[in-house]
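*Asks:* I am attaching a structure below and will ask some questions about it afterwards.
The values are calculated or read from the model by the stated rules, or taken from the named source; none is laboratory data. From a predicted model like this one, the values you see are computed outputs, not experimental measurements. Counting neighbours? That spans all protein chains shown, and the Cβs are built from the backbone with ideal geometry, glycine included.
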Amino acid sequence: MTSMIGSLVILVFVLLLIYYYRTTRVTDVERNREITSLSQVKVLVDSAIEEGQRIHISLGYAKLGQNQSAGTLAALDALRAIAKRSCDRGVPPLVTVADPVLVPMVQDIIRESLVRAGYSSAYHSTQVEFIAPNPTQYAIGALQRIDPESIYATVVIGTIDERLLFLVQPGTAPVSSISGSDHPVGMASSYAATSYSLIGEDIFAASAYLHPDRLSLAGLKTQDAVRIGIAFLIVVLAIMNMIGVSIY
Amino acid sequence: MNRIGKLVPILVSLVTAFLVLAGYAVQPLGIEIPFHRTLVQWTMVLSGVALLIGLVNLIQVHFQRIINREREWIYSLVLLATCAIVILTAVLEGKGPQGNWIKWEFNYIIVPLEAAVLSLLIVYLLFSLLRMIRKPQPWHGYVFLATVFIILVATLEVSGPIGAALDTARIWLQGVLAVGAVRGMIMGIALGAAVTGMRAALFRHPGGEDKA
């Protein structure tokens, strides 16, 4: 029964996604509420290029194929948008990962962004670094790669808990940072440690804001539609419960 | 040719995503989707291969840093030497991660170092708090600070009516407000995760171009 309900929910998601993909325009992004942290990512990337420095992007420590894959997929989407903006001016970002599966994927994203921008010679496979599969070792290893002489800012997007603090180094960091996590402890750490943080589902909206395309915007609209549906359902169930009607 | 080269991986990922999704959906009904289990097993094998790719990347990155005499290149040298020692130990002992030497390296070097590093988190947390106190905050920043203050003071077990009031506030904050907020955030994250997963599986390569 549960799996059938699950399949039904997936079907609803897919149908909504197709519907919104067909009806959404790229200009619809202007109607979205402003997420200051995501606007700040664009500012950081542009400032880094002006300074002739690079952006360090951390994709968190979650691994593809596990429970928290979606956070990493959202981070990959955001990375694609940041890499495009950065590579358009021939300055690829430095990306650190904790999952070796991500190494060829991220290499592909950076290579493609550079080739499209006409800077194929600027690509090098070491622009992506596999640090360590262990969360603590990853955070410490990635921290070592933040060289203030060559790195302008750090952007952390993905699944990461309190170890995020190692990467953003509150109060002592030599570079600016923006962080977002889908982990509750990571969110609180990010809020306390950085001036610009992505809270809750913000990381899943990153690609739609940073490099809007129809599919990303359709994804946002699908989330909103389902959210309204769930909220309505919660209110209806609560009222039914109050008046003594139980469907359990 | 280039078009076929792009189409093949898209088709492979689409079919795989569909088979795996359908496999999980019909499993409780006793229906077995062909290749479902095999595809899931292949994920494990591919993860193993990916670890080798990761190792090659690690060696490549640090070797380059040593050659170019980059800042703190000496750490890269230590890392590569350590990597070689651990691999050599495992090969010589012939028991993989279950070997005594490997266990010793893990228990007496890696674990204590990791624990020491993790203890630094409290310092970073303190810095975060000080940073928030020093800088002007939006209203929600002050709510955050007030909550931290109440929880911290309440855990000190202050006696008398003030202690009781603080304890009630702590229980209410943790049990009602925090739980409600976390549930709301988790619902948002779950929706985001579902849509992102579906987009990646059925409409787009992760981080790549649209299939639609």
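*Asks:* How many residues does region A:132-165 contain that are out of contact with any Ser or Thr (no Cβ under 8 Å at 6 or more places or on another chain) and over 20 Å from residue A:92 (Cβ atoms)?
*Replies:* Total meeting the criteria: 9.
*Asks:* So if I check each of B:122, B:110, B:102, which one is farther than 21 Å from residue A:164 by Cα and either within 13 Å of chain A (Cβ to nearest Cβ) or surrounded by 10 or more Cβ atoms within 10 Å (Cβ to Cβ) (or both)?
*Replies:* None of the other options fit; the residue is B:102.
*Asks:* Within region A:201-229, track down each residue that is within 7 Å of another protein chain (Cβ to nearest Cβ), over 21 Å from residue A:25 (Cβ atoms) and crowded, with 21+ Cβ neighbours inside 10 Å.
*Replies:* A:201
*Asks:* Going by the conditions given, is residue A:157 under 20 Å from residue A:50 (Cα atoms) and more than 9 Å from every other protein chain (Cβ to nearest Cβ)?
*Replies:* For residue A:157, the condition - under 20 Å from residue A:50 (Cα atoms) and more than 9 Å from every other protein chain (Cβ to nearest Cβ) - is not met.
*Asks:* Among the strands (runs of 3 or more DSSP E) lying completely within region A:90-169, list those that include at least 2 residues that are free of Cβ contacts under 8 Å to residues at least 60 places away in the same chain, on the phi < 0 side of the Ramachandran plot and not β-branched (Val, Ile, Thr).
*Replies:* A:128-130
*Asks:* If you don't mind, there's one more thing I want to ask. Please go through region A:127-138 and give me each residue that is in contact with a strand residue (DSSP E or B) (Cβ under 9 Å, 6 or more places away or on another chain) and of a type in the set (Ser, Thr, Tyr), ordered by number.
*Replies:* A:138 - this is the single residue of region A:127-138 that is in contact with a strand residue (DSSP E or B) (Cβ under 9 Å, 6 or more places away or on another chain) and of a type in the set (Ser, Thr, Tyr).
*Asks:* Next up: Checking the conditions here, which among A:216, A:189, A:246 is part of a helix (DSSP H, G or I) and at pLDDT below 90?
*Replies:* A:216 is the lone residue from the list that is part of a helix (DSSP H, G or I) and at pLDDT below 90.
*Asks:* Looking at (1) within 12 Å of chain B (Cβ to nearest Cβ); (2) in a helix (DSSP H, G or I), which one does residue A:179 not meet, given that it meets all the others?
*Replies:* Of (1) within 12 Å of chain B (Cβ to nearest Cβ); (2) in a helix (DSSP H, G or I), only one is false for residue A:179: (2).
*Asks:* Identify, from the list A:59, A:76, the residue that is in a strand (DSSP E or B) and either small (Gly, Ala, Ser) or within 14 Å of another protein chain (Cβ to nearest Cβ) (or both).
*Replies:* Going through A:59, A:76 in turn, just one is in a strand (DSSP E or B) and either small (Gly, Ala, Ser) or within 14 Å of another protein chain (Cβ to nearest Cβ) (or both): A:59.
Residues checked against (1) among the small types (Gly, Ala, Ser); (2) within 11 Å of chain A (Cβ to nearest Cβ); (3) surrounded by 15 or more Cβ atoms within 10 Å (Cβ to Cβ); (4) within 29 Å of residue B:87 (Cβ to Cβ):
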position: B:19; (1), (2), (3), (4): no, no, yes, no
position: B:23; (1), (2), (3), (4): yes, yes, yes, no
position: B:34; (1), (2), (3), (4): no, no, no, no
position: B:37; (1), (2), (3), (4): no, no, no, no
position: B:50; (1), (2), (3), (4): yes, yes, yes, yes
position: B:62; (1), (2), (3), (4): no, yes, yes, yes
position: B:66; (1), (2), (3), (4): no, no, yes, yes
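*Asks:* Also, quick follow-up: Can you find even one residue in region A:104-126 that is under 23 Å from residue B:124 (Cα atoms), crowded, with 21+ Cβ neighbours inside 10 Å and within 12 Å of chain B (Cβ to nearest Cβ)?
*Replies:* no
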